[in-house]
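Novice: Mind looking over this structure? Questions follow.
The values are calculated or read from the model by the stated rules, or taken from the named source; none is laboratory data. Computed from a predicted structure; not experimentally measured. Virtual Cβ from ideal backbone geometry, glycine too; neighbours counted across all protein chains shown.
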Amino acid sequence: MAKPPKPYRSRKVGNRTLSPETLMMGFGHSPALSEGALKLPLFQTSTFVFRTAEEGKAFFELAYGLREKHQGEEIGLIYSRINNPNLEVLEDRLAVWDQAEKSLSFASGMAAISTAMWSYLRPRDTFVFSEPVYGGTEFLVHNILPQFGIEGVGFMAESGADGFREAAQKAVALAGKTGGRVGVIYVETPANPTNGLVDIALARQLSESMATPAGRPAVLVDNTFLGPLWQTPLSLGADLSITSLTKYVGGHSDLIAGSVSGEEAWLAPVRVMRTILGTMGDPHTAWLLLRSLETLKLRMDAAAAGAKIVAEYLANHPRVKSVWYLGFLPEDHPDRPLYERQCRSPGSTFSFEVKGGEKEAFAVLNALKVIKLAVSLGGTETLASHPAAMTHSDVPPESRARLGITEALIRLSIGVEDPADLVADLEQALSA
């Protein structure tokens with residue numbers, strides 16, 4: 001069974017442990033160190049000055065893992081590809097949200113995903129991955145990693161525990177043939193764009209069942225659809241929780257970033273890989289994210305409330321074939337117990353199918369007046385897209401059909417507008 005995660009950074013007032021939305025207002029920053037500035041200043045610098053040569057030597061020894069830390073020792077500031085005050089405070093606050101020991105920030109969600117994968121996979125290795133996944137991840141696992149002799153074994157999120165176990169067995173068998181090992185179990189849950197669920201606790205159990213003297217596969221979870229507010233993969237058994245900060249955390253459709261959170265032992269190789277590949281975030285983006293974290297709960301709660309209203313409207317519309325909203329899982333649905341165990345909300349991103357195909361879906365999208373036609377999700381504005389023609393256009397048609405990404409499918413990411421206005425927009429668009 002999965003062990004509970006190591007204690008993450010928290011703070012108490014009396015006997016009460018402060019909530020993340022409270023800690024975000026100042027955690028990791030002391031105004032006394034910044035001329036009394038209430039908010040963390042932007043440290044727009046490439047390099048930092050050492051007080052002595054000995055200090056510079058000590059910092060680099062820790063940065064490159066040349067020795068163990070002394071008691072109470074922390075790595076000092078060296079160079080913004082390695083560390084920076086804005087990145088460090090951001091990562092402290094992300095760790096609070098993810099209930100993690102540490103967190104690392106990246107230049108994009110795909111930078112986070114690919115750097116984490118490269119940290120734990122080598123030629124001849126295999127890995128297990130859930131489907132469907134985000135389009136960029138789809139391309140990585142099907143087109144990029146195989147070029148380096150790394151083969152993945154996929155399974156449908158909807159295939160449940162049996163499909164997951166079967167894929168794990170196939171990956172073990174394939175590793176036996178290639179002379180490698182199963183290096184990673186990668187799941188995206190809920191899945192993009194179907195909202196299919198994958199059991200994170202089962203992923204950890206399967207990882208432990210594949211352990212060798214050299215270790216076990218790392219369990220990586222893309223938590224973008226519900227994270228960090230409505231799902232906490234680390235508490236469910238994941239080793240690394242990955243989030244596209246571009247989405248809900250950034251929340252204003254004005255930046256690109258990603259993060260990986262977990263115990264320091266699992267993050268250590270990712271940290272080294274990030275330093276050498278140069279996939280870290282930049283100080284200005286980190287500064288913007290620190291602003292966004294303060295309103296994260298307000299925005300996500302408002303979007304979730306609006307999504308429920310919009311989904312209920314669509315479910316009753318005569319021109320809508322189906323609505324793939326997690327809040328509609330019936331009590332007897334096989335995924336219902338998993339949803340209740342793993343998720344704290346249905347979230348605010350879901351898909352629906354119109355009756356017809358691409359022509360009918362495009363007619364609805366082209367008629368929208370309030371909702372914007374754009375990819376991405378988790379912003380303050382509501383966005384609509386056509387996965388088959390946009391985010392998953394690089395997926396072969398036969399694979400899209402297998403994954404349920406039909407020509408009639410439209411994905412919605414609900415923002416913070418008045419949901420009655422969104423309903424009115426969809427009403428006129430569906431009537432068109």
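Novice: Which numbered condition trips up residue 352, out of (1) out of contact with any strand residue (DSSP E or B) (no Cβ under 6 Å at 6 or more places or on another chain); (2) closer than 17 Å to residue 192 by Cα; (3) not in a loop (DSSP other than H, G, I, E, B)?
Specialist: Only one criterion is unmet by residue 352, namely (1).
Novice: Can you tell me which residue among 427, 360 is surrounded by 15 or more Cβ atoms within 10 Å (Cβ to Cβ), outside the structural domain of residue 251 (by TED's automatic domain parsing) and not small (Gly, Ala, Ser)?
Specialist: 360
Novice: Note down all Cβ pairs under 9 Å where the first residue falls in region 389-403 and is in a loop (DSSP other than H, G, I, E, B), the second is β-branched (Val, Ile, Thr) and surrounded by fewer than 19 Cβ atoms within 10 Å (Cβ to Cβ), and they're at least six residues apart or on different chains.
Specialist: Final answer for the pair search is 390/375; 391/375.
Novice: Which one of these does residue 317 not meet: (1) surrounded by fewer than 20 Cβ atoms within 10 Å (Cβ to Cβ); (2) assigned by TED's automatic domain parsing to the domain that holds residue 118?
Specialist: Of (1) surrounded by fewer than 20 Cβ atoms within 10 Å (Cβ to Cβ); (2) assigned by TED's automatic domain parsing to the domain that holds residue 118, only one is false for residue 317: (2).
Novice: I want to confirm something. Restricting to region 274-320 and keeping residues that are modelled with pLDDT of 95 or more and hydroxyl-bearing (Ser, Thr, Tyr), which single residue is farthest from residue 45 (Cα to Cα)?
Specialist: Only one residue fits best here, namely 313.
Novice: Can you tell me which of (1) under 27 Å from residue 227 (Cα atoms); (2) of a type outside the set (Phe, Trp, Tyr); (3) free of Cβ contacts under 8 Å to residues at least 60 places away in the same chain; (4) touching a helix residue (DSSP H, G or I) at 6+ places or on another chain (Cβ under 9 Å) is the one residue 21 doesn't meet?
Specialist: (3)
Novice: Can I ask one more? Taking residue 380 as meeting all but one of (1) crowded, with 23+ Cβ neighbours inside 10 Å; (2) out of contact with any Asp or Glu (no Cβ under 8 Å at 6 or more places or on another chain); (3) of a type outside the set (Gly, Ala, Ser), write down the number of the exception.
Specialist: Every listed condition holds for residue 380 apart from (1).
Novice: Hey, can you tell me all the residues within region 121-152 that are in a helix (DSSP H, G or I), touching a helix residue (DSSP H, G or I) at 6+ places or on another chain (Cβ under 7 Å) and among the aromatic types (Phe, Trp, Tyr)?
Specialist: Hits for region 121-152: nothing passes.
Novice: I've got another one for you. Within region 186-198, is even one residue acidic (Asp, Glu), part of a loop (DSSP other than H, G, I, E, B) and either free of Cβ contacts under 8 Å to residues at least 60 places away in the same chain or outside the structural domain of residue 307 (by TED's automatic domain parsing) (or both)?
Specialist: Scanning region 186-198 turns up no residue that is acidic (Asp, Glu), part of a loop (DSSP other than H, G, I, E, B) and either free of Cβ contacts under 8 Å to residues at least 60 places away in the same chain or outside the structural domain of residue 307 (by TED's automatic domain parsing) (or both).
Novice: Could you grab me the full set of residues in region 92-137 that are crowded, with 23+ Cβ neighbours inside 10 Å and acidic (Asp, Glu)?
Specialist: Passing the criteria: 98, 125, 131.
Novice: Also, quick follow-up: Being surrounded by fewer than 21 Cβ atoms within 10 Å (Cβ to Cβ), touching a helix residue (DSSP H, G or I) at 6+ places or on another chain (Cβ under 8 Å), at pLDDT 95 or above and hydrophobic (A, V, I, L, M, F, W, C): is that true of residue 412 here?
Specialist: Answer is no for this residue.
Novice: Okay, moving on. I'd like to know if region 393-402 contains one or more residues that are farther than 30 Å from residue 235 by Cβ, surrounded by 15 or more Cβ atoms within 10 Å (Cβ to Cβ), out of contact with any Leu (no Cβ under 7 Å at 6 or more places or on another chain) and among the polar types (S, T, N, Q).
Specialist: Yes: one or more hits.
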